[in-house]
Amino acid sequence: MNIESLFLAPIYLPLLAAALLVSAKAFGQARKTMDSMAFLIGLILPAVCLALLTPAVIAHQSVETVIGAWDTNLGIHYHFDGLSWLLIALHLAISIPVFLYSKSNPSNRETFSIIFFIQCASVAATSLTADLFNLFVCLEVMGVTSYVLIASSDEDGSVLASFTYLLFSATAMVFFLVGAFGLYRVTGSLSYALISEVKNSLTGADLIVAQMSLTLIVVSTLLRCAVVPLSGWLVGAHSKAPHAVSALLSGVLIKIPLFALIRLLLLVTASERIGSILAWAGGVSAVVGILLALREVQAKRLLAYSSVSQIGYVVAAYGLAIEAGLESERGALLIASSLFYAFCHAVAKALLFLSIGTATDALGTKDLSKARGATASLKGSGERVPLTTISYGIALFSIAALPP
């Protein structure tokens with residue numbers, strides 16, 4: 001099989017898995033068997049396809065297609081390259097263990113799985129998209145599924161946290177749409193490739209419109225990434241969401257939109273100024289997030305503030321890379337550092353949310369001033385192998401940058 005026949009698999013296979021679960025729920029079929037089949041189809045097969053695509057990525061191959069064979073100006077553009085491979089790999093690395101962990105909570109299990117697989121497809125589509133309106137649609141689907149998953153928690157206030165996220169996100173997407181319209185107005189296209197063709201001919205008022213439009217798109221994306229001062233929704237969403245959803249939010253969903261925007265930032269004139277602003281915003285977020293975390297006594301809120309700080313480091317390196325230009329050696333090193341840090345943080349923070357969430361459930365409190373003896377409580381609740389403690393230790397060493 002060639003690259004053209006495999007690279008869209010991470011989009012349509014999770015949708016197939018969601019459809020399978022919907023039919024099982026509707027017709028009362030063997031739901032446990034269907035759940036296992038959905039896991040195989042929606043997560044394992046995309047991972048296999050990604051592994052088969054690895055030689056093409058190493059050989060620097062890429063492919064771009066227009067869905068439905070529409071006209072290039074109107075079609076839905078998808079582009080697969082090394083960046084797309086990395087983003088999908090990051091998502092699968094977190095989503096597979098998160099899905100397995102979610103099996104421990106039978107509450108709303110079927111609905112959770114259906115929404116989860118739809119979200120998996122939207123994340124893959126976001127990683128592959130090569131036009132602005134499709135990026136908007138993918139981010140909206142990612143957002144809507146997040147609202148539902150956050151509200152699925154049994155925690156008091158989870159619906160309010162979900163609604164707060166919805167308000168922030170909906171406001172941001174209005175600015176994103178205005179920015180997309182501005183770029184379409186001066187370039188006549190929403191495709192990244194066609195925007196690239198006319199970018200150097202922009203002058204006068206058209207150039208100003210393009211710069212302002214790009215700024216609106218970047219600001220709305222930064223809200224999704226929870227960079228200070230646009231991080232107000234994150235703490236509530238993290239602390240009230242189910243542990244599996246908190247791991248997804250921190251590990252994947254606040255990072256994918258940022259890196260999906262790289263292609264656009266490289267195309268539009270004056271992206272260097274945007275990069276400088278991003279670097280400063282990331283630096284401020286890194287400092288403010290950790291200062292807020294130091295005074296927090298609620299476990300998952302502390303982890304949420306830590307995520308705000310960590311995403312600040314990612315955004316700072318990302319912004320400096322855009323400012324330097326990815327074609328330069330410094331820019332390439334910075335963007336590689338940003339991606340690598342994001343990947344490592346995603347794994348470590350997902351492990352922390354899952355392990356600490358499990359421990360606080362066993363203790364019956366999230367107050368760090370009262371929480372003691374988690375290992376003993378977990379053993380008392382039936383955990384024979386101290387898997388939670390081991391996972392916590394791995395995550396702690398990783399996020400503290402301690403060997404190995």
Give all pairs with beta carbons closer than 6 Å in which a residue from segment 46-64 that is within 18 Å of Leu92 (Cβ to Cβ) meets a residue that is open to solvent by 40 Å² or more (accessible area, probe 1.4 Å) and assigned to a helix (DSSP H, G or I); count only pairs at least 6 apart in sequence or on separate chains. Val57/Trp85
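Please find, within segment 123-133, the residue that is farthest from the chain's Cα centre (by Cα) out of those that are under 16 Å from Ile88 (Cβ atoms) and either of a type in the set (Val, Ile, Thr) or open to solvent by 10 Å² or more (accessible area, probe 1.4 Å) (or both).
Of the residues in segment 123-133, the ones under 16 Å from Ile88 (Cβ atoms) are 123-130.
If we keep only those that are either of a type in the set (Val, Ile, Thr) or open to solvent by 10 Å² or more (accessible area, probe 1.4 Å) (or both) as well, we get 123, 126, 129.
On the way: Val123: 7, Thr126: 9, Thr129: 14 Å.
Checking each candidate, the answer is Thr129.
Limited to segment 190-228, what total is found for residues that are of a type in the set (Ser, Thr, Tyr) and under 24 Å from Met142 (Cβ atoms)? Break it down stepwise before answering.
Taking segment 190-228 as the starting set, the residues that turn out to be of a type in the set (Ser, Thr, Tyr) are 191-192, 196, 201, 203, 213, 215, 220-221.
Subset that is under 24 Å from Met142 (Cβ atoms): 191-192, 213, 215, 220-221.
The total comes to 6.
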Failed condition for Thr358, given (1) within 30 Å of Ser276 (Cα to Cα); (2) part of a helix (DSSP H, G or I): (1)
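Residue-wise test of (1) in a helix (DSSP H, G or I); (2) open to solvent by 50 Å² or more (accessible area, probe 1.4 Å).
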position: Val347; (1), (2): yes, yes
position: Leu354; (1), (2): yes, no
position: Ala371; (1), (2): no, no
position: Thr389; (1), (2): yes, yes
Pair list, Cβ < 8 Å and 6+ apart or interchain, from segment 82-110 residues that are more than 25 Å from Phe343 (Cβ to Cβ) and modelled with pLDDT under 80 to residues that are open to solvent by 60 Å² or more (accessible area, probe 1.4 Å) and not in a helix (DSSP H, G or I): Ser107/Asp154; Arg109/Lys103
Given the conditions (1) in contact with a helix residue (DSSP H, G or I) (Cβ under 6 Å, 6 or more places away or on another chain); (2) open to solvent by less than 50 Å² (accessible area, probe 1.4 Å); (3) among the polar types (S, T, N, Q); (4) within 30 Å of Ile277 (Cβ to Cβ), every one holds for Ser337 apart from (2)
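Does segment 274-329 hold any residues that are basic (Lys, Arg), touching a residue at least 24 places away in the same chain (Cβ under 8 Å) and either crowded, with 21+ Cβ neighbours inside 10 Å or more than 20 Å from Ala346 (Cα to Cα) (or both), and which are they?
To start, the set of residues in segment 274-329 that are basic (Lys, Arg) comprises 295, 300-301.
Now drop any that are not touching a residue at least 24 places away in the same chain (Cβ under 8 Å), which leaves 300-301.
If the condition is that a residue be basic (Lys, Arg), touching a residue at least 24 places away in the same chain (Cβ under 8 Å) and either crowded, with 21+ Cβ neighbours inside 10 Å or more than 20 Å from Ala346 (Cα to Cα) (or both), then Lys300 is the only one that fits.
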Going by the structure shown, is Ile217 buried (at least 17 other Cβ atoms within 10 Å of the Cβ) and either part of a helix (DSSP H, G or I) or at negative phi (or both)? yes
Result of the Cβ filter at 7 Å on segment 342-371, keeping first residues that are under 23 Å from Ala316 (Cα atoms) and partners that are of a type in the set (D, E, K, R) and surrounded by 20 or more Cβ atoms within 10 Å (Cβ to Cβ), at least 6 apart or interchain, is Ala342/Lys255; Ala346/Lys255
So which of Val148, Val159, Val137, Val178 is touching a strand residue (DSSP E or B) at 6+ places or on another chain (Cβ under 9 Å) and open to solvent by 50 Å² or more (accessible area, probe 1.4 Å)? Val137
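From the set of residues in segment 162-175 that are of a type in the set (Phe, Trp, Tyr) and surrounded by 18 or more Cβ atoms within 10 Å (Cβ to Cβ), which is farthest from the chain's Cα centre (by Cα)?
Restricting attention to segment 162-175, the residues satisfying the condition of being of a type in the set (Phe, Trp, Tyr) are 163, 165, 168, 175.
Right, trim to surrounded by 18 or more Cβ atoms within 10 Å (Cβ to Cβ) and you get 165, 168, 175.
Details: Tyr165: 15, Phe168: 16, Phe175: 20 Å.
Top of the filtered list is Phe175.
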If we keep only residues of segment 220-260 that are among the charged types (D, E, K, R) and assigned to a helix (DSSP H, G or I), then the residue farthest from the chain's Cα centre (by Cα) is Lys240
Taking only pairs six or more apart or across chains, which ones have beta-carbon atoms under 7 Å, a first residue in segment 124-151 that is at negative phi, and a second residue that is among the charged types (D, E, K, R)? Ala130/Glu64; Ala130/Arg263; Leu139/Arg224; Ile150/Lys240
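Select from segment 285-296 the residues that are of a type in the set (A, V, I, L, M, F, W, C) and out of contact with any Gly (no Cβ under 7 Å at 6 or more places or on another chain) and write down the one among them that is farthest from Gly364 (Cα to Cα). Show your work before the answer.
Going residue by residue through segment 285-296, those that are of a type in the set (A, V, I, L, M, F, W, C) are 286-288, 290-294.
If we keep only those that are out of contact with any Gly (no Cβ under 7 Å at 6 or more places or on another chain) as well, we get 287-288, 290-294.
Working: Val287: 31, Val288: 30, Ile290: 26, Leu291: 27, Leu292: 24, Ala293: 22, Leu294: 23 Å.
My answer is Val287.
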I'm told Ala299 meets every condition in (1) of a type in the set (A, V, I, L, M); (2) farther than 30 Å from Gly364 by Cβ; (3) at pLDDT below 85 except one. Can you identify the failing condition by its number? (2)
Taking Pro386 and the conditions (1) modelled with pLDDT of 80 or more; (2) within 27 Å of the chain's Cα centre (by Cα), which numbered condition does it fall short on, given that it satisfies the others? (2)
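The values are calculated or read from the model by the stated rules, or taken from the named source; none is laboratory data. Keep in mind the model is a prediction, meaning the values are calculated, not measured. Note that we place each Cβ from the backbone using ideal geometry, even for glycine, and neighbour counts take in every protein chain shown. Ligands, DNA and RNA are stripped out before the accessible areas are found, and what is left, the full protein with its side chains, is counted by its heavy atoms. Shrake-Rupley method; radii C 1.70, N 1.55, O 1.52, S 1.80 Å.
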